[in-house]
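Everything below concerns the one structure shown next.
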Amino acid sequence: MPLLSGERCVSVRLLTESRVQTVAMSSITVPPPKCLQKTFVAPRRHMFGPGPSNVPPRILAAGAEPIIGHMHPEMLEIMSDIKSGIQYAFQTQNNMTIAVSGTGHTAMECAIFNAVEPGEGVLTAVNGIWGERAAEMAERIGARVNSIVTTAGGYFTSEEIDRALAKHKPVLFFLTHGESSTGVVHPLDGIGDICHKHNCLFLVDCVASMGGAPLHMDKQGIDILYSGSQKVLNAPPGTAPISFSERACQKVFNRKTKPVSFFLDMTWLANYWGCDGKPARIYHHTAPVSAFYSLRESLAILAEQGLENSWQRHKEVAEYFHEGLENMGLKLFVKDKNARLPTVTTIVAPPGYDWKEITSYIMKNHNLEISGGLGPSVGQVLRVGLMGGNSSKASVDMVLEALRDALRYCHKSKV
């Protein structure tokens, strides 16, 4: 092996000393995490829980388009397209229609934080977890909160709502249209008129029902309506459609106090989305550009399919699923057939089985997600979501076969 010349020896020694000195002088005390040195590959699964749903290739491809600036003209055009798509999905002509940068919870807070001031009354209808969440959000901003409560799997009559509004005199009434924790789709007709008779705004959560069950914001007198991107729309989680009626806008934009959240302040968001009639849009926050690409594409797919066709398909697939479950000897949690949510089915947890073992077995052996209960339905039900592109008889057949297999091999108590 040839020896290094004296000059090269000096160079190597100096370079080595320099590296040692650099390491010694480094301010880094936390090393690069080894876990991030491995390539991550997301597993492919059948997402048949209550959400998120599988994202089809067309929407994934839209989300992978090159990033542009959140205030670029092309982005403003995309936001305008999204607004039109939401107006179609909600069946509303409301100008104040946007997508909040965040999940459905963000839209829920946007609605409550903007429509309610400290000390004002809020009435929530609790027939699952979402009424409970709305009540807690309203309490956190200092509202006077009252709730009407019914059993999980049930819903309220117009008479019950009328009496509660007359008693509590709230400025806002909250109701969940598609209660994904219990599998109930709540009747809406006539409730808006009752609210307005009591000088109360009607706020509706349709995260789990939009696109999967008939919904007419304007005709049904809904003042604030919000949803999420990850259910029937099959877009990634992270964007939340919301719309305000003119009646709601009168309340929102004539507040005595500022909303507790700057990020969710509709005065800013209305301008950001070009809904306030002003010629210039002012920077508010950096919108999730890729998520907006995906949301636009998902709304385009819904428009191509047709809203009524989507409602009908979800209804037919749900009925096919319910029949298959009953033929297996399983029971549906919601007794009233007309109150069963077409997008999320709740199955009475099979007696003698551990529901966690069933869901784990199905995930492990069928690569398929279904879930247990949530909130008041924990331990009582299995929940299966067949939404958007997942709403098909082929998907139903997969779920039924997975359930049959699980009931054959999972432990059943003899007690």
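The values are calculated or read from the model by the stated rules, or taken from the named source; none is laboratory data. Predicted, not measured: the structure shown is a model, and the values here were computed from it. For neighbour counting, all protein chains shown are included, and Cβ atoms are generated from backbone atoms with ideal geometry for every residue, glycine included. Heavy atoms of the whole protein, side chains included, go into the accessibility calculation; ligands, DNA and RNA do not. Shrake-Rupley method; radii C 1.70, N 1.55, O 1.52, S 1.80 Å.
Based on DSSP H runs of at least 4 residues, each adding -39500 (n - 2.57), what is the mean residue ellipticity at 222 nm of the chain after dividing by all its residues, to the nearest 500 deg cm²/dmol?
After summing the helix terms and dividing by residue count, I get -13000 deg cm²/dmol.
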Helix axis angle, 158-168 relative to the chain longest principal axis, alpha carbon, degrees = 80
Per the charge dipole of segment 37-112 (beta-carbon charges, Lys/Arg positive, Asp/Glu negative, Cα centre), the residue among His46, Tyr88, Ala99 reaching farthest to the positive end is His46
For the chain, modelled as a Gaussian network with Cα springs under 10 Å, which listed residue fluctuates most, Ala280, Ala138, Ala300?
-> Ala280
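Charges at C-beta only: +1 for Lys and Arg, -1 for Asp and Glu. How large is the resulting dipole of the chain about its Cα centre, in Debye rounded to 20?
Dipole size: approximately 980 debye.
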Unit charges at the beta carbon, dipole of segment 282-330: most positive-side option, Phe292, Gln312, His322 = Phe292
What shape does the chain have by the C-alpha gyration tensor, where a ≥ b ≥ c are the square roots of the eigenvalues, rounded means a/c under 1.5, and otherwise prolate means a/b greater than b/c and oblate the rest?
-> oblate
Just grab the label-to-label distance for Lys412 and Glu326, each label 7 Å out from Cα along the Cβ direction, in nm (one decimal).
-> 2.1
Please report, as a whole percent, how much of the solvent-accessible surface of the chain comes from carbon and sulfur atoms (probe radius 1.4 Å).
-> 55
Shape call, segment 97-247: gyration tensor on alpha carbons, a/c limit 1.5 | rounded
Picking from Thr103, Thr176, Thr150, which is most flexible by a Gaussian network model of the chain using Cα springs under 10 Å?
-> Thr150
Might you report the magnitude of the Cβ-based charge dipole of segment 219-349 about its Cα centre, with Lys and Arg at +1 and Asp and Glu at -1, to the nearest 20 debye?
-> 580
With Cα atoms, 0 to 90° folded angle of helix 393-409 axis to the chain main axis = 80
Of Asn199, Asn327, Asn234, which has the largest mean-square fluctuation in a 10 Å C-alpha GNM of the chain?
-> Asn327
For the chain, dividing by residue count, accessible area per residue (probe 1.4 Å) in Å² works out to 49
For the chain, with +1 on Lys and Arg beta carbons and -1 on Asp and Glu, the positive-most of Leu60, Met217, Ser26 along the dipole = Ser26
Relative to the longest principal Cα axis of the chain, at what angle does helix 289-305 sit, 0 to 90 degrees, rounded to 10?
-> 40
Could you give the length gained on full extension between Glu304 and Ser392, defined as 0.36 nm per residue of separation minus the Cα-Cα distance, in nm?
-> 29.9 nm
